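Asker: Structure incoming, see below.
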Amino acid sequence: MPPQTTPPARGGRLVRLVPAAAAALSGLLLYVSFPPRTLWWLAVPAFAVFGWLLRGRSWKAALGLGYLFGLGFLLPLLVWTGVEVGPGPWIALVVIEAVFVALVGAGVAAVSALPGWPVWAAALWIAGEAVRARAPFHGFPWGKIAFGQADGVFLPLAALGGTPVLGFAVVLCGFGLYEIVRLALDARRTKTLRRAAAAIGALSVVVPLLGAFAARSLVSDEPEAGTTTVAVIQGNVPRLGLDFNSQRRAVLDYHARETERLAADVAAGRAERPDIVLWPENSSDIDPFANADARDVIDRAAKAVGAPISVGGVVDRDGRLLNEQILWDPEKGPVDTYDKRQIQPFGEYLPLRSLVGAINEEWTSMVRQDFSRGTEPGVFDMNGAGVGLVTCYEAAFDWAVRDTVTAGAQLISVPSNNATFGRSEMTYQQLAMSRVRAVEHSRAVTVPVTSGVSAVIMPDGKITQRTGMFVADSLVAEVPLRTSETPATRLGILPEIALVLVAAGGLGWAVAAGVRGRRAGDVR
């Protein structure tokens, strides 16, 4: 009777599934490193495992493993996108975004045979992020590695070269860690240490850490143009979810009421008098330019508190729907505006409207009219302080924050409306972005949110005050006004371009080496 072969065959299939399972689990490990958790260091072993899975693989296998890594990371990270609209858009978004991670995986496998491969591989990851931040539909940078590092030791690198350099350091450290472990195991087995490779592996871990330590000198909370006392107003919303838009007047009243409550506290000596007051995005979905009643409500609040207010409004101007910040003077009324430039696809405008409508008509009804884009950065002069406006989704985009600072912002406000996403992790992920931006540009950052979490962030990225979620509250804090530019602000896109060129050089070298190898094999 022939021997049984089924168990070994089944065992072989299970063994072949190990890399796939490890790819998905390491992606999940990367997700766990992101806020609201403070386990930023888990990103390093996540990339170490990713490097182990990809090194020496064929591009086809690496493509699949990279896709699984992307799914493991992005599926839980972006679950908030389906809070109100169901799982369809969430799954579709992740399926598309994971393709970019898959392509990076194939590239990492290709460069893994090169000398110093952790450098080429880490640059490839940043190149993937650069593409993902620009396409499709003007990009979706959510999930940049830098945004998971607000509590980490690498954070000061944001001031050196922005999110690309910060993310590169973390990924490089992860791949370098794997290279150290791999070479140590090889040396134990062969009794021979490849010194050059070991040195590169060690430097891949040590240099990012030393660079982060050195970059701490770029982080400062010292005022350079005095200070200003800012009030962040969180009025709350009548109820959770998209339905709050049908109660626009209530949202406006809530924010006016909280501002007037603060004014009463100031008059009673219970709170410091603010120089400027910041309301969140969508705090007045009733157009105050077209509705006299809404204008009166805002006017009364501004006069009561005795300070200019930045009001988040939805404005219909000349047939164009605008997500607008309005500078409201207590004496003169509206004196300046900023129109949101990076509007959210499928939230504020609907790409491929006819196709989306054919799939699900309810989705098109959620965005009945597309918002128009603003064209200029917004910096309000509020009692002598240059307040840069970065509205909600814009905080994820490097350019949208940087050009606000170069336009004269001495502090940054990120007015947001997260009520649509309930108590999901979205608000904490976005808050972490604002902390990274504070360090990147050495500016205090305020985050007024309709329903929380609102916060005041110092230029070193530390939160000094914050609210709860779905409560009415106000924060009053003295913050430094800063005018100097960090290297990241001055360099702008150049560090990202440099890393993309490094990635392209490594990939070109790997492809050329592969072609030469095949030709040599043909000759023999």
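Asker: Looking for something crowded, with 22+ Cβ neighbours inside 10 Å and acidic (Asp, Glu) - is there at least one such residue anywhere in the range 80-93?
Answerer: No, the range 80-93 contains no residue that is crowded, with 22+ Cβ neighbours inside 10 Å and acidic (Asp, Glu).
Asker: Pairs under 7 Å by beta carbon, first residue free of Cβ contacts under 8 Å to residues at least 60 places away in the same chain and closer than 20 Å to Leu63 by Cβ in the range 121-150, partner of a type in the set (Gly, Ala, Ser) and not in a loop (DSSP other than H, G, I, E, B), six or more apart or different chains?
Answerer: Listed by first residue and then by second, the contacts come to Glu129/Gly167.
Asker: If I go through the range 399-436 residue by residue, how many of them are surrounded by fewer than 18 Cβ atoms within 10 Å (Cβ to Cβ) and of a type in the set (A, V, I, L, M, F, W, C)?
Answerer: Summing the residues that are surrounded by fewer than 18 Cβ atoms within 10 Å (Cβ to Cβ) and of a type in the set (A, V, I, L, M, F, W, C) in the range 399-436 gives 2.
Asker: Kindly evaluate Val205 against the criterion of being within 15 Å of Gly116 (Cβ to Cβ), hydrophobic (A, V, I, L, M, F, W, C), modelled with pLDDT under 95 and within 26 Å of the chain's Cα centre (by Cα).
Answerer: yes
Each row is one residue, and each column tells you yes or no for (1) out of contact with any Lys or Arg (no Cβ under 6 Å at 6 or more places or on another chain); (2) crowded, with 18+ Cβ neighbours inside 10 Å; (3) farther than 21 Å from Val379 by Cα.
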residue	(1), (2), (3)
Gln247	yes, no, yes
Ala250	yes, no, yes
Glu258	yes, yes, yes
Val311	yes, yes, no
Gly319	yes, no, yes
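Asker: Now, a different point. So is Ala98 part of a helix (DSSP H, G or I), surrounded by 20 or more Cβ atoms within 10 Å (Cβ to Cβ) and small (Gly, Ala, Ser) or not?
Answerer: Yes.
Asker: If you go through the range 124-144 one residue at a time, do you hit one that is at pLDDT 95 or above, part of a loop (DSSP other than H, G, I, E, B), of a type in the set (Lys, Arg) and in contact with a Ser or Thr (Cβ under 6 Å, 6 or more places away or on another chain)?
Answerer: Scanning the range 124-144 turns up at least one residue that is at pLDDT 95 or above, part of a loop (DSSP other than H, G, I, E, B), of a type in the set (Lys, Arg) and in contact with a Ser or Thr (Cβ under 6 Å, 6 or more places away or on another chain).
Asker: Given the residues Arg194, Arg188, which is the only one that is charged (D, E, K, R), more than 20 Å from Gly162 (Cβ to Cβ) and touching a helix residue (DSSP H, G or I) at 6+ places or on another chain (Cβ under 7 Å)?
Answerer: Answer to the selection: Arg194.
Asker: Is it fair to say Arg216 is farther than 25 Å from Arg368 by Cα, touching a Gly at 6+ places or on another chain (Cβ under 9 Å), outside any strand (DSSP E or B) and charged (D, E, K, R)?
Answerer: The answer is no for Arg216.
Asker: Can you find, within the range 384-395, the residue that is farthest from Arg341 (Cα to Cα) among those that are surrounded by fewer than 24 Cβ atoms within 10 Å (Cβ to Cβ) and touching a strand residue (DSSP E or B) at 6+ places or on another chain (Cβ under 6 Å)?
Answerer: Top of the filtered list is Ala385.
Asker: Within the range 147-161, how many residues are closer than 16 Å to Ala444 by Cα and not in a loop (DSSP other than H, G, I, E, B)?
Answerer: 2
Asker: Take the conditions at pLDDT 95 or above, surrounded by 19 or more Cβ atoms within 10 Å (Cβ to Cβ), under 18 Å from Thr229 (Cα atoms) and aliphatic (A, V, I, L, M) and apply them to Ala301. Does it pass?
Answerer: Spelling it out, Ala301 is indeed at pLDDT 95 or above, surrounded by 19 or more Cβ atoms within 10 Å (Cβ to Cβ), under 18 Å from Thr229 (Cα atoms) and aliphatic (A, V, I, L, M).
Asker: Out of Arg435, Arg443, report the one residue that is closer than 22 Å to Thr229 by Cβ, in contact (Cβ under 8 Å) with a residue 60 or more places away in the chain and not acidic (Asp, Glu). Even if it seems obvious, please write down each step before you answer.
Answerer: Working: Arg443 fails: in contact (Cβ under 8 Å) with a residue 60 or more places away in the chain.
On inspection, the qualifying residue turns out to be Arg435.
Asker: For the range 166-202, which positions are surrounded by 15 or more Cβ atoms within 10 Å (Cβ to Cβ) and either of a type in the set (Ser, Thr, Tyr) or under 22 Å from the mean Cα position of the chain (by Cα) (or both)?
Answerer: Selection gives Leu166, Gly167, Phe168, Ala169, Val170, Val171, Leu172, Cys173, Gly174, Tyr178.
Asker: Exactly one condition in (1) in a helix (DSSP H, G or I); (2) without any contact (Cβ under 8 Å) to a residue 60 or more places away in the chain is not met by Pro118; state its number.
Answerer: (2)
Asker: Of the residues that make up the range 156-174, is at least one more than 19 Å from Arg437 (Cβ to Cβ), touching a residue at least 40 places away in the same chain (Cβ under 8 Å) and among the hydroxyl-bearing types (Ser, Thr, Tyr)? Spell out the reasoning first.
Answerer: Within the range 156-174, the subset more than 19 Å from Arg437 (Cβ to Cβ) is 171-174.
Imposing the further condition that a residue be touching a residue at least 40 places away in the same chain (Cβ under 8 Å) reduces the set to 171-174.
Then keep just the ones that are among the hydroxyl-bearing types (Ser, Thr, Tyr); that gives none.
No, the conditions are met nowhere in the range 156-174.
Asker: Step by step: first the residues of the range 439-482, then only those that are charged (D, E, K, R) and touching a strand residue (DSSP E or B) at 6+ places or on another chain (Cβ under 6 Å), then the one that is surrounded by the fewest Cβ atoms within 10 Å (Cβ to Cβ). Which residue is that?
Answerer: Out of the qualifying residues, it is Glu478.
Asker: Turning to a different aspect of this structure: Filter the range 28-42 down to residues that are more than 22 Å from Leu68 (Cβ to Cβ) and assigned to a helix (DSSP H, G or I) and give me whichever is nearest to the chain's Cα centre (by Cα).
Answerer: Trp40
Asker: Which of the residues belonging to the range 493-502 are in a helix (DSSP H, G or I), surrounded by fewer than 19 Cβ atoms within 10 Å (Cβ to Cβ) and of a type in the set (Val, Ile, Thr)? Let's see the steps before the verdict.
Answerer: Step one: of the range 493-502, the residues in a helix (DSSP H, G or I) are 494-502.
Next, only the ones that are surrounded by fewer than 19 Cβ atoms within 10 Å (Cβ to Cβ) stay: 494, 497-498, 501-502.
Hits for the range 493-502 are Ile497, Val502.
The values are calculated or read from the model by the stated rules, or taken from the named source; none is laboratory data. Because the structure is a prediction, the values reported are computed rather than measured. Methodologically, a virtual Cβ is constructed for each residue, glycine included, from the backbone with ideal geometry; neighbour enumeration extends over all protein chains shown.
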